[in-house]
Every structure is written in C-alpha cells, then in structure tokens.
Amino acid sequence: KLLGAAAASACLVACGGGEIGGTVTGLGTGLSLTLLNNGSDALTVSRNGNFAFGILLDDNASYAVTVQTQPVGQICSVANGTGTLDAEGSSIDSVRVTCDYSSGLRGTVSGLQTGVAVVLANGNARQTLAANGPFAFAETLADGTRYSVSVLTQPSNQTCSLQNEAGSFFARSFLDIIVTCN
C-alpha cells in the first residue's frame with residue numbers, strides 16, 4: 001500500500017493535476033470573500049488579483065466555483081466558474097470573480113469595546129454594531145437617495161461619533177460611514 005500511495009503522489013506531481021484559479025476584481029479595500037470549488041476547498045480572498053485553490057483536480061474532473069461568503073456591502077459574481085479539466089489535467093486560470101458595491105449604506109466601526117453595542121439609524125432602518133469591522137445596512141437605496149445616519153443608542157461607557165453620515169447615496173462613489181468609538 002505504501003508503494004501505491006507513493007506512486008499516486010508521484011503521479012500527481014509528474015502526471016499533472018489541474019489547478020483551478022482566476023482573478024478577482026472590484027473587491028473593496030479591507031474586505032474579503034470566501035470561494036468554494038465543488039462545494040468545498042474553501043479559499044478566502046482579501047485582495048484583487050489572481051487566486052488559486054489549494055486542491056489540485058484529476059484529469060477530466062469537473063469544477064464549479066461559487067461564492068460562499070460575500071464581502072460586507074458588496075455582491076460578487078462568478079463567470080467561467082464551471083467546466084471540466086482536459087485529459088491532461090491542464091490548469092484553469094479563466095475563472096473571473098467580479099465584485100460590486102451593493103445598493104446600501106455601509107461603513108466601518110472601530111474602538112468599540114467587547115461586550116457592548118452601538119445602534120445606528122437611517123430613517124426607520126436600524127443597524128446594531130457589536131464588533132469592530134465592516135458593516136452594511138440591509139435596506140437598498142436607489143442612486144441619488146438622501147440619507148442621514150445618526151447614533152440612536154450609544155454603547156455603555158463609550159461615545160461613538162460618525163463621519164460621512166449624511167448626503168446623497170451613489171453606490172459606485174459612496175464614502176463609507178466611519179464610526180469611531182472612544
């Protein structure tokens with residue numbers, strides 16, 4: 001059996017084994033998404049550019065790249081994400097993942113102490129933030145919609161301030177709302 005395992009390992013190196021990969025574009029700075037190949041082999045991508053899954057596929061194997069986890073405030077789609085490797089197990093580098101901002105208010109919170117939360121409001125929409133990092137309101141806004149975000153509830157023993165909290169929403173040029181807690 002050891003000889004069989006060694007031969008299989010040698011074949012994977014010498015006989016090939018196709019790598020599945022491609023490029024990610026449009027991913028926002030500081031954000032990440034998780035891709036899957038064939039429902040497993042999870043790959044977290046945190047920058048634009050080339051990516052490749054870690055598990056090589058056998059000759060004639062099928063692949064199907066999907067988005068498991070979307071970045072906060074963005075929607076990513078996959079093109080050229082399915083296919084079958086050829087008989088030589090040639091690698092695939094033509095998968096294209098394109099991310100775009102969704103039509104909702106988004107931002108980042110920093111300085112928030114563990115175990116407390118700040119509640120933001122935009123009209124009737126509420127967003128509870130209980131951890132530092134990116135966030136997004138669930139409601140969608142049409143380009144040109146006026147917004148005005150305020151702190152509805154301050155965390156205990158802290159005061160949170162806002163930047164870029166009001167204006168006209170345009171998905172492509174929106175400046176993230178910055179929540180700073182002290």
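The values are calculated or read from the model by the stated rules, or taken from the named source; none is laboratory data. All figures in this text were calculated on a predicted structure; none of them were measured in a lab. Don't worry about glycine lacking a Cβ; one is built from the backbone with ideal geometry, like all the others, and counts go over all protein chains shown. Side chains are part of the model used for accessible areas, which takes the heavy atoms of the whole protein and leaves out ligands, DNA and RNA. Shrake-Rupley method; radii C 1.70, N 1.55, O 1.52, S 1.80 Å.
Some observations on this one:
- Percent of C-alpha pairs per 10 Å bin, the chain, short to long: 9, 29, 24, 17, 12, 8, 2
- Selection from Ala166, Tyr63, Asn132 lying farthest towards where the dipole of the chain points positive, charges on Cβ: Ala166
- Relative to the current alpha-carbon distance between Ala138 and Ala64, full extension at 0.36 nm per residue lengthens the span by 23.8 nm.
- Surrounding net charge for Ile55, when Lys and Arg each add one and Asp and Glu each subtract one, Cβ distance under 11 Å: -3
- Surface composition of the chain: carbon plus sulfur atoms hold 52% of the accessible area, using a 1.4 angstrom probe and ignoring ligands, DNA and RNA.
- Mean ellipticity per residue at 222 nm, deg cm²/dmol - from DSSP H runs of n ≥ 4 across the chain, formula -39500 (n - 2.57): -2500 deg cm²/dmol
- Using θ = phi - 60° in the Karplus curve 6.51 cos²θ - 1.76 cosθ + 1.60, the 3J(HN,Hα) couplings for the range 116-123 round to 10, 9, 10, 10, 9, 9, 10, x Hz; x is entered for Gly and Pro.
- Using alpha-carbon coordinates, inclination of helix 2-14 to the longest axis of the chain, degrees: 70 degrees
- Using the alpha carbons alone, the radius of gyration of the range 108-182 stands to its Kirkwood radius in an Rg to Rh ratio of 0.96.
- Full-stretch length increase - Thr25, Ala131 - with 0.36 nm per residue and alpha-carbon distance subtracted: 35.4 nm
- The alpha carbons of the range 67-132 give a radius of gyration and a Dmax of 19.2, 58 Å, in that order.
- Per residue, in Å², the accessible surface of the chain once ligands and nucleic acids are set aside, probe 1.4 Å: 54 Å²
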